[in-house]
Structures are given as structure tokens and as C-alpha cells.
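Right, one structure below, let's go through it.
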């Protein structure tokens, strides 16, 4: 029986366990990346581990999230990251060099290698045949120290692509169709592999758009084969020597198989407030548009930008529309300037933003009250834009550009013949905004600004764990709900005590005060709790408030791992109806907690005593190692104990 592509790469990096779906394995990590929203915490945790130098083949620290300098906080964090990177052997990508995922696939990603990143969209590099996985900062810190990355062996899903995209239809429409079919929960515990004759017509940037938004499926990662198209992309980047062919065996067996005929697709949009709320643009109709934002780590490549420039050339943005464009990297911005495409965008009335995440994470360009905003980014969660009353639609660059001209959501097929663009054979190479680490880091002083505060560390489990149900939330609560990430709060990502006062406030403004008054307690949640970003702050802020356990119908992968890493019990109702039995401020307790946790690898279940009803049995099917992490009060304590 043949192997899937992911299985081959996992097998080459396997350190422990067997490649049987559902079993815990560990793999060797070749490369890591961080960004400044999660990176400060990851490096504080790396320092706490006490290893003098990173042990990966390559580690890169990117500055792309917190780039608005409205106070000293962001600049201080950037200096901390730059100095800690220099000391410990990490390359530092300065502000303005670009979004981590776009830069990494351009300059550092390698087919067949493993990449662990403290950002949920790390799977972008799966577009070149890399096993790229998003994780919490503590997992990345451990990997930088040479430790294995532990995960549950995923199930394998193949999506067979046939046919060829019609004019005006793009890779964004492919991944929106996948989201429509599988939903935001459909990829949990799975790796998505793309195959079929349709691959031949998809460039690396198009493949990267698809793997990037695979994060919205909840998938462990997504991956394309490494083929001649991959080789041509790497050659254009001056990196052909890292290319190697990689593909699944012809007789590989998959747990699921889906088929998509590319020629049948039409322009799609994800309606508010979820990436899987997908409908054809033609069905949504010509709704009035107030803002269009093109960029983020999705659809910010040179290919995407050249398409947008060609659509805008010689035309003028509608007077009622604000159009903002953020090229994904300085390389892209440079090349747009060289060929005149940047001038075409500016002449049409576009506002050019720096090469950073920007509007996608609410870092500037928040829409007006009750606005309709079309965006090419990957998430449209409630309030993520920075304006709670705004309605954000996720669309392709083609739909975005066309709509910016007409002032209404527009099916670009109505514009006539699609402009042709010509991609260069060679990309402009200039890595002078990447600062190499010191050869000897022992003399480097790490600079810590006053905004950097100690992060909370849990204590080992003993006796009974008890507390009140402090909040009860619905299905599909995102990490944006748990720990908001707008422009006002992002500067405090290194200050967990400050952030904790905003934890879960989009769901209940009184939650932080209630948690403090009660001395901590438990969170009650619906299905897919913690979907979205990899931000570890969604576990650290609850920990700061004394949260001991989360009882949910189900969890998103990364958030569940982050809870375990911070010693918070992620308990899943055995009977989802038990969710309805718990009311706000009910007292809950886990008797003989340590003994119950020790039994988890055997029983997979743990009993919670409810003081208002009969006991509640919860699932927590974890490994013996994860049980020891929980008993130690988190991964950091566990790592110190293990030496």
C-alpha cells in the first residue's frame, strides 16, 4: 500500500510513535517561524527553558503584525525580539520586509522539510510541498530548543482537482468551495492533500492561497506536491538547489476523498461572519460596498497584485469606496514599482499600505459603522476588522478590484475579457532587511522594555480542582472572541496581566471582573471552541484569571494544545446535552484531580461533580505525556522537570 505525501514527510521526520491516525507521534522540526504578535511570548518562553542557542536548521523572527507605532510598546517589543534573535541564533526580518508567510515561501521554505510556526497560517508553505504546521508559542519555543513536536497523527484527506479555472475565477474560489463543502470544522484532525490533473494549471502563489486558508478548515495542515511548477518558482527566487520532486504514491490510500471540477467554479464570497458561509457572488447580488482591502498573508503575492493592477489600470475607484492595498512582501512591492503596476494602482485611487498584516487583524483600516467591507484575507470573524457593526465578505482579488470600481459587489465576469498579466522569470532578490544573528550571542544584551511583563505559569495539580462556571458561550467561539486582537490591544501582547482584562469580553464584558471576584473557575463552551488563530494568549489570559478547566462540546486543535501546554484542562462533554445542564455560576469540581488525570491515558474520561445536578462525564483522550504535562501545571514546568 502506497503512502500519502504527508505520510512520507512525517515518516522521514518521525521520532516516536506510529503513523496510525489518532495516535500521538513526535516529529523533528527543521525550521521555525514566529511573528511579533505571538513571538514575544514564544521567546520569553524559550529563554525560560534555558537553552543557549536554537538547534533548528533555520529559525526566523518576523515583524509583520504590530507595526502601528502609536506608542512605545510595539517598538519595545520589536527591539526585544531583535536582540533575543541575535543572541540565540535566529534571523530577524525587520518591519517592512513583509508578511511572514509570504516572505518564508519566497526565501526560506523547502519541499520535504518541516516548518513549525507560531501562527495558524503557517501551512501557507504547503504550497511548495513543505509540511508546515501552526502551533502555540510554547510548542515553537520547545522546537527551537531541539525538542520534538508532538501531535496526534492526522487522518489523510485527498482533494482531487480536475479541469481548469475559467477566466475571472481564481484559487480563492477553490478554497472557498472547499470551505463550503467541509466547513470550518471539517478539517480537524486531518491533513488536506491536493492532487489531480488540475494542479498543472495552478502556480505556487495560487497553491499557497489554498494551503493558507486550509487553516480555516481546522486542518493540521494542507499540502501540494512539489513538481516542475514548484521548481520554476524556486528557480525564479534563485533557490532551485533546494527543490526536489515529491508526490503521493499512485496507490496511496486516503481516509476521505473529495473531487472538485475547477472548470465548474464561479466567483464566490464568504459572507459574514464565517469563512464557510459561502455563496456565489452572482447570488449575493450588487450590494453597496464601502471598503475594499486587498492583501494580508492571503492573496498578496506578485501574481495577485499584478492582476489587481491590470484591472484598475486606466480606471478610477468608485467615489464611495475606500480601496487599500498591502503587497505581501517588500519583494512584491519593489517589483510592482519596477514594472509600473504600482503606479497604475495609485493612479486609480488606491491607498498603498506597508507590507504587513494590517486590516486582516484589525491593525488599522477599520471600516465605518455598519460598513460593507470586501477583503481578500482569510477570516471574517465578528469584530475582527475592528468595527463590530461592519459586515466583512471574503473574496478573490478579482472580485475585490472589480467591486472597488463599481461601488457594489461585482461578478468580475461582467467586465468582459480578463486582462492578461506576464510573470517575470526572475524575482528581485534583496534580503537586506533580514538581520543575521550574532555568531557569538553570549555578549548580546537582550533589551526588555517596560511593557514586557512576566507571563503566568500554572502550578502542579493537587487535591480537588473546583470553581464556578464563570461564562457560558456558544458554538464556534474563536480566539478573537477569547482574546481580542485589535489595534488597541495588540501592543500589549507581552503584557498578559493587562490583556486579561479584555478576555472573552466580546461574549460577556463582565467576565474578567467576575473571574477575579470568584478567584477563578471554569469556562463552559459549545462546539469548535478556540477556532482561528494560534494565539497562545487565548490560553494565557484565562490562566491569568484563574481558569482551571474548559468544558466544551469540542475544541479546535491548536487551542486545545495551548490549553494543555498551560495546564488548563480541556474537557469535552461525553454527552453534548450536558452543556444544557450547566448554568452560569454553578459550582463544579473535579475530585481527586491528580488521580483522575493519571488515569486519563487509560480511561479517556474524567468526572466533573456538579453541585446542582448529577456528575458530568467528560472525554479527554490524551497521551501519557500530555497527562504528565497537565499534572506538572503545563509544558514549561514539565520541560524543566524533565531537564
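The values are calculated or read from the model by the stated rules, or taken from the named source; none is laboratory data. In this text the structure is predicted, and so the values were computed from the model without any measurement. Cβ atoms come from the backbone with ideal geometry, glycine included; neighbour counts cover every protein chain shown.
So, of the residues in region 513-539 that are more than 17 Å from the chain's Cα centre (by Cα) and under 18 Å from residue 458 (Cα atoms), which turns out to be surrounded by the fewest Cβ atoms within 10 Å (Cβ to Cβ)? Looking at the filtered set, the residue picked out is 519. If you scan region 55-87, which residues turn out to be buried (at least 24 other Cβ atoms within 10 Å of the Cβ) and part of a helix (DSSP H, G or I)? Scanning region 55-87 gives 74, 77, 81, 84, 85.
State whether one or more residues within region 3-24 are within 30 Å of residue 232 (Cβ to Cβ), crowded, with 17+ Cβ neighbours inside 10 Å and under 20 Å from the mean Cα position of the chain (by Cα). Checked region 3-24: at least one residue is within 30 Å of residue 232 (Cβ to Cβ), crowded, with 17+ Cβ neighbours inside 10 Å and under 20 Å from the mean Cα position of the chain (by Cα).
Can you pull out every residue in region 592-634 that is on the phi > 0 side of the Ramachandran plot and either assigned to a helix (DSSP H, G or I) or in contact (Cβ under 8 Å) with a residue 40 or more places away in the chain (or both)? Please lay out each step first, then the result.
From region 592-634, those on the phi > 0 side of the Ramachandran plot are 592, 604, 633-634; that's our starting set.
Within region 592-634, 592, 633, 634 meet the criteria.
Looking at this structure, is residue 389 outside any loop (DSSP other than H, G, I, E, B) and closer than 24 Å to residue 357 by Cβ? Against the criterion (outside any loop (DSSP other than H, G, I, E, B) and closer than 24 Å to residue 357 by Cβ), residue 389 does not qualify.
Residues checked against (1) under 28 Å from residue 133 (Cβ atoms); (2) touching a helix residue (DSSP H, G or I) at 6+ places or on another chain (Cβ under 7 Å); (3) surrounded by fewer than 24 Cβ atoms within 10 Å (Cβ to Cβ):
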position: 563; (1), (2), (3): yes, yes, no
position: 570; (1), (2), (3): yes, yes, no
position: 587; (1), (2), (3): no, no, yes
position: 601; (1), (2), (3): yes, yes, yes
position: 612; (1), (2), (3): no, no, yes
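Whenever a residue of region 187-199 is without any contact (Cβ under 8 Å) to a residue 60 or more places away in the chain, its partners that are part of a loop (DSSP other than H, G, I, E, B), lying with C-beta atoms within less than 6 angstrom and at least six residues away or across chains, give the pairs 187/218; 194/224.
Residue-level analysis places residue 230 outside the set of residues that are within 30 Å of residue 561 (Cβ to Cβ), under 18 Å from the mean Cα position of the chain (by Cα) and either surrounded by fewer than 24 Cβ atoms within 10 Å (Cβ to Cβ) or modelled with pLDDT of 95 or more (or both). Scanning region 464-490 for residues that are over 19 Å from the mean Cα position of the chain (by Cα) and not in a loop (DSSP other than H, G, I, E, B) yields 465, 466, 467, 468, 469, 470, 471, 472. Counting only helices (runs of 4 or more DSSP H) that sit wholly inside region 297-369, those with at least 1 residues that are touching a strand residue (DSSP E or B) at 6+ places or on another chain (Cβ under 9 Å) and closer than 21 Å to residue 93 by Cα are 302-312, 330-339. In summary, residue 185 fulfils each of the numbered conditions (1) out of contact with any strand residue (DSSP E or B) (no Cβ under 6 Å at 6 or more places or on another chain); (2) modelled with pLDDT of 95 or more; (3) surrounded by fewer than 23 Cβ atoms within 10 Å (Cβ to Cβ) with the single exception of condition (2).
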